[in-house]
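J.: Shown below is the structure under consideration.
The values are calculated or read from the model by the stated rules, or taken from the named source; none is laboratory data. Quick caveat: nothing in here was measured; it's all calculated off a predicted structure. Heads up, the Cβs are rebuilt from the backbone with ideal geometry, glycines too, and the neighbour counts pull from every protein chain shown. Calculation scope for accessible area: heavy atoms of the full protein, side chains included, ligands and nucleic acids excluded. Shrake-Rupley method; radii C 1.70, N 1.55, O 1.52, S 1.80 Å.
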Amino acid sequence: MDIFYQTLYIIHKEYQTFLGTKSLVVLRAFIDGYVNREMEINPSHQSNFWKFNNFVASFYNDDINMNWDRILTAHTKTDEEAFDKFFYLLDKFLEKEPN
């Protein structure tokens, strides 16, 4: 498994250590920073995470032009629930799109 996904699963188990709170908003900020730094270090390496947006949109039959975090937020009641749903969908995504 790609180190990016390994890192996400560590964060899922130890979110308080890495994020301070169980929050999709904070997780999204972490992911954006991680992906941007990864691209600076090694521009030729690209995770398949960019496909996750279409996967989430398809799961909810939603607009693919909307970001995955906004889609999750629209379909959950709390930020914490959206955080949990992210990891549920990430599992489903990686079943279809192994990296």
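J.: Would you check which residues across segment 1-59 are aliphatic (A, V, I, L, M) and open to solvent by less than 30 Å² (accessible area, probe 1.4 Å) and list them?
T.: Initial filter on segment 1-59 (aliphatic (A, V, I, L, M)): 1, 3, 8, 10-11, 19, 24-27, 29, 31, 35, 39, 41, 56-57.
The answer is Leu8, Ile11, Leu19, Leu24, Leu27, Ile31, Val56, Ala57.
J.: Considering only segment 61-85, state which residues are touching a helix residue (DSSP H, G or I) at 6+ places or on another chain (Cβ under 6 Å) and at pLDDT below 95.
T.: Asp62, Ile64
J.: Please list, ordered by first then second residue, the pairs with beta carbon atoms under 7 Å, 6 or more apart or interchain, first in segment 1-21 and free of Cβ contacts under 8 Å to residues at least 12 places away in the same chain, second open to solvent by 60 Å² or more (accessible area, probe 1.4 Å).
T.: Close Cβ pairs satisfying both conditions: Leu19/Phe30.
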